[in-house]
Amino acid sequence: MQAVLRIEELPEEALEAAALFYAEHVPQAREMLATDAEALVVVLPMAPHDHAAWRRAAAQDLAREAAPKRINLVSGDSSDTITATLEYLAKAPGVTGQLLPTDGAAATFTA
């Protein structure tokens, strides 16, 4: 089973967004991973490129901590693309520790 944590809003500034993510949302992610979920996908809103480093580090660090469970971060503003990415991740047991930004373009995955 794959759990999904949707974060609707984060500050625009990268440092403030990272601080809020670690303070409020990492504890939520840990709680969700403490259940029978085999994987967790954190869905984040789109952000400028200066957010990529902290998001990538969060995905990697959380995945190491959660192993053998999987965790990935997805960002985007298109519900269709996010849904397609979630469906892909549910069928991709080898994918973990990834930041998957989506751009709203049509996504087609096969697993």
Selection count, segment 59-86, where residues are under 20 Å from TYR22 (Cα atoms), touching a strand residue (DSSP E or B) at 6+ places or on another chain (Cβ under 6 Å) and part of a helix (DSSP H, G or I): 3
Single residue of LEU33, LEU5, LEU99 found to be under 11 Å from the mean Cα position of the chain (by Cα), open to solvent by less than 30 Å² (accessible area, probe 1.4 Å) and hydrophobic (A, V, I, L, M, F, W, C): LEU5
Test result for ARG56, open to solvent by 80 Å² or more (accessible area, probe 1.4 Å) and within 20 Å of ILE82 (Cα to Cα): yes
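Before we move on, is LEU89 modelled with pLDDT of 95 or more, open to solvent by less than 10 Å² (accessible area, probe 1.4 Å) and over 19 Å from ALA18 (Cβ atoms)? Spell out how you get there, then give the answer.
Numbers: modelled with pLDDT of 95 or more: yes; open to solvent by less than 10 Å² (accessible area, probe 1.4 Å): yes; over 19 Å from ALA18 (Cβ atoms): yes.
Considered against the rule, which asks whether it is modelled with pLDDT of 95 or more, open to solvent by less than 10 Å² (accessible area, probe 1.4 Å) and over 19 Å from ALA18 (Cβ atoms), LEU89 comes out as yes.
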Subset of segment 42-64 [without any contact (Cβ under 8 Å) to a residue 12 or more places away in the chain and within 23 Å of TYR88 (Cβ to Cβ)]: ALA57, ASP61
Pair list, Cβ under 9 Å, 6 or more apart: segment 24-41 residue part of a loop (DSSP other than H, G, I, E, B), other residue open to solvent by 90 Å² or more (accessible area, probe 1.4 Å): THR35/MET1; ASP36/MET1; ALA37/MET1; GLU38/MET1; GLU38/PRO68; GLU38/PRO93
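The values are calculated or read from the model by the stated rules, or taken from the named source; none is laboratory data. As the structure is a prediction and not an experimental result, all values here were calculated from the model. Virtual Cβ from ideal backbone geometry, glycine too; neighbours counted across all protein chains shown. Accessible surface is based on the protein model in full, side chains and every heavy atom, while ligands, DNA and RNA are left aside. Shrake-Rupley method; radii C 1.70, N 1.55, O 1.52, S 1.80 Å.
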